[in-house]
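These notes concern the structure reproduced below.
Quick note: the coordinates plus some simple rules give every number you see, no bench work behind them. What you see is a predicted model, and the numbers here were worked out from it, not measured in a lab. Neighbour counts run over all protein chains shown; Cβ positions are idealised from the backbone, glycine included.
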Amino acid sequence: MLTKLKAGLAKTRQRFINQVEDVLSRHPRINPELFDDLEEILIAADVGLETSGRILESLREKVKKNRTDRPEKIREYLKEIIIEILSLPAPPALDKMPLAILVVGVNGVGKTTSIAKLTEYYKSKGHSCLLVAADTFRAAAVEQLVIWSKRLGVDIVGNREGADPGAVVFDGMAAGNARHTDVVIIDTAGRLHTKVNLMSELKKVHRVCNRNLGGRSLVNLLVLDATTGQNALNQARTFQETVGVDGIILAKLDGTARGGIALAVADRLRLPVVWVGVGEQPQDLRFFASREFVEALFDD
């Protein structure tokens, strides 16, 4: 998995770290032009303007504190700063059984695949799982989750296309509680974060979950597509305001050079990245550890 993480970060490393190394090699000493070049690189990697500014401010403070003008020290300081930004604790409830996980996100971000990966993760820990197919709007969404449930060997609660998602969630929670299932994982319809009526419906689904926990903890996980860059930040902000977000699953990290969005989400919204997707298989979900992530990012 560590090898896959390194491979998944290859494009981000090429756009971000390799360019940092190039800039450092072209400046014999730390100077204002060096910081200008670093700012351009950070923004290009979708770290974002505000977060880039904070990183550069921290870099300047470290340079001043250590009284150095050696460009090679920038690499060391940059790693420390990024680790600090990303070191937000994952929701502790994720390790406490019984548990319900509500998975949300916009269309096409990879929610269903992420749910399959979550299921595989918890199964590997010896926990029983139940899938709830509450995406009743997308064509064949229920069928897709049924296929995954059979492949993974877990039960599923679903209904016909067009059914009330709140009713499906009610049935799913009741089934999970009656069977004493450890983890109930709920799929929801992908919805544009700009559609007020669909976001209101998500609030209803969230209320149904809360009212039928039966002693479970509820964790809201937002799936973000790493390839969308700064737009993912807007999505996260809207979902956070609508139902609350406890953590992020950063999907499709292996297909993008925009891995810097993880920094922007952590810094601007104080949301922890909990898992990263580094492939298509159920096993290709990596529990996020900031130091490991940064070491893999900077490692050749």
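Just so you know, the Rg over Rh for the chain is 1.03, from Cα atoms, with Rh as the Kirkwood radius.
Using Cβ contacts closer than 10 Å as the measure, can you line up MET97, MET199 from fewest to most?
On the way: MET97 15, MET199 18.
Lowest count first: MET97, MET199.
What is the angle, in °, between the Cα long axis of helix 196-211 and the longest principal axis of the Cα atoms in the chain? Nearest 10 is fine, range 0 to 90. Approximately 70 degrees, to the nearest ten.
Remark: relative contact order (segment 163-244) = 33 percent; criterion is Cα-Cα distance under 8 angstrom and separation of 6 or more residues. Give me the angle, in degrees from 0 to 90, between the Cα long axis of helix 49-66 and the longest principal axis of the Cα atoms of the chain, rounded to the nearest 10. Approximately 50 degrees, to the nearest ten.
Computed from the Kirkwood radius of its Cα pairs, the Stokes-Einstein diffusion coefficient for segment 170-300 at 37 °C and 0.692 mPa s stands at 203 µm²/s. Got the relative contact order for segment 235-300 handy, in percent, Cα pairs under 8 Å and 6 or more residues apart? Computed value for segment 235-300: 28 percent relative contact order.
Using alpha-carbon pairs under 8 Å, 6+ residues apart, how would you state the relative contact order of the chain in percent? Spell out each step's value before the answer.
Details: 555 pairs, mean separation 82.6, N = 300.
Relative contact order comes out at 28 percent.
In plain terms, the residue of HIS206, HIS127 with the fewest other Cβ atoms within 10 Å comes first and the most crowded comes last, giving HIS127, HIS206.
Placing one identical point scatterer on every Cα of segment 52-110 and ignoring solvent, what is log10 I(q)/I(0) from the Debye formula at q = 0.19, 0.21 Å⁻¹? Relative scattering, expressed as log10 I(q)/I(0), comes to -0.77, -0.84. The antiparallel fraction among DSSP beta bridges confined to the chain stands at about 10%.
Take the cross-link list LYS4/LYS150; LYS4/LYS65; LYS73/LYS111; LYS96/LYS150; LYS6/LYS123 and give me the ones stretching past 32 Å between alpha-carbons.
Numbers: LYS4/LYS150 26 Å; LYS4/LYS65 37 Å; LYS73/LYS111 40 Å; LYS96/LYS150 25 Å; LYS6/LYS123 25 Å.
Too far apart for the 32 Å limit: LYS4/LYS65; LYS73/LYS111.
Could you work out the helix-only [θ] at 222 nm for the chain, with each DSSP H run of four or more residues adding -39,500 (n - 2.57) and the total divided by the number of residues, to the nearest 500 deg cm²/dmol?
Values: 13 runs with 155 residues, N = 300.
For the chain, the value works out to -16000 deg cm²/dmol.
A simple rule links phi to the HN-Hα coupling: the Karplus curve 6.51 cos²θ - 1.76 cosθ + 1.60 with θ = phi - 60°, which for segment 144-149 gives 4, 6, 4, 4, 5, 4 Hz, with x for Gly and Pro.
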